[in-house]
C-alpha cells in the first residue's frame, strides 16, 4: 500500500494557518499593550477586552502545545466572544461619547450629535472593531483546521476516498 502524501493545497492551507496564528498573537499582544497604556480598566465593562485577550493568549499557547480538539473548541468559543465584544464595544463607545456630548450641550440635535460622536477621539467609536477583526481572524483559524475541513466536506456530501 502506498502512503498518501499531503496534497499541495493542504500544505498551503497549513502555511496560511501558521501565518494567521502569528498575526492573531501579534494583534492580541499589541491590543492588550495599548489598552493597558490607555488605562482601559477604570470601569468593570472595560475589563472585558482585557480578560478576553488574556484568555485567548492562554488558549493559543495551549493549542500550540497540544493541537487537540478541546483547545480548538475553546478558541472557537473565545473568538466568538471577541466578535460579540466588538459589537458591544462599539455600542458602549457610542453611548459614552453621546452622553459626553449631551452633557456639554443638552440642546444638541440628533444629526449634530451623530456627527460629533463619529468624529470623537475619546472614546474612539470604531476602536472595538479590533476585537471584531481579531475574533473573525481567530474563527478563520479555527475553521481552517483539518478536522473542520473534513467535517464540512462530509456535511456537503463529498467523499474523501479515492475511487
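Where a number appears in this text, it was derived from the coordinates with a stated rule and is not lab data. Quick caveat: nothing in here was measured; it's all calculated off a predicted structure. Cβ placement follows ideal geometry from the backbone for every residue including glycine, while neighbour counts extend to all protein chains displayed.
Odds and ends about this structure:
- With both labels modelled 7 Å from their Cα along Cα-to-Cβ, the residue 122 to residue 91 distance reads 2.6 nm.
- Least to most buried among 62, 111 (fewest other Cβ within 10 Å first): 111, 62
- FRET efficiency, 1/(1 + (r/R0)^6) with R0 41 Å, evaluated for residue 154 and residue 39 via beta carbons: 0.25
- Counting neighbouring beta carbons within 10 Å and listing from fewest to most, the residues 20, 53 come out as 20, 53.
- Among 103, 145, the ranking by other beta carbons within 10 Å of each residue's beta carbon, starting with the fewest, stands as 103, 145.
- In this calculation the C-beta distance from residue 29 to residue 146 is compared with R0 = 35 Å, giving a FRET efficiency of 0.85.
- Counting 0.36 nm for each residue step from residue 103 to residue 70 and taking away their Cα separation leaves a gain of 7.1 nm.
- Kirkwood hydrodynamic radius (C-alpha pairs) into Stokes-Einstein, the chain, 25 °C and 0.890 mPa s, D in µm²/s: 134
- Model label sites at residue 46 and residue 22, defined 7 Å from Cα along the beta-carbon direction, differ in position by 3.4 nm.
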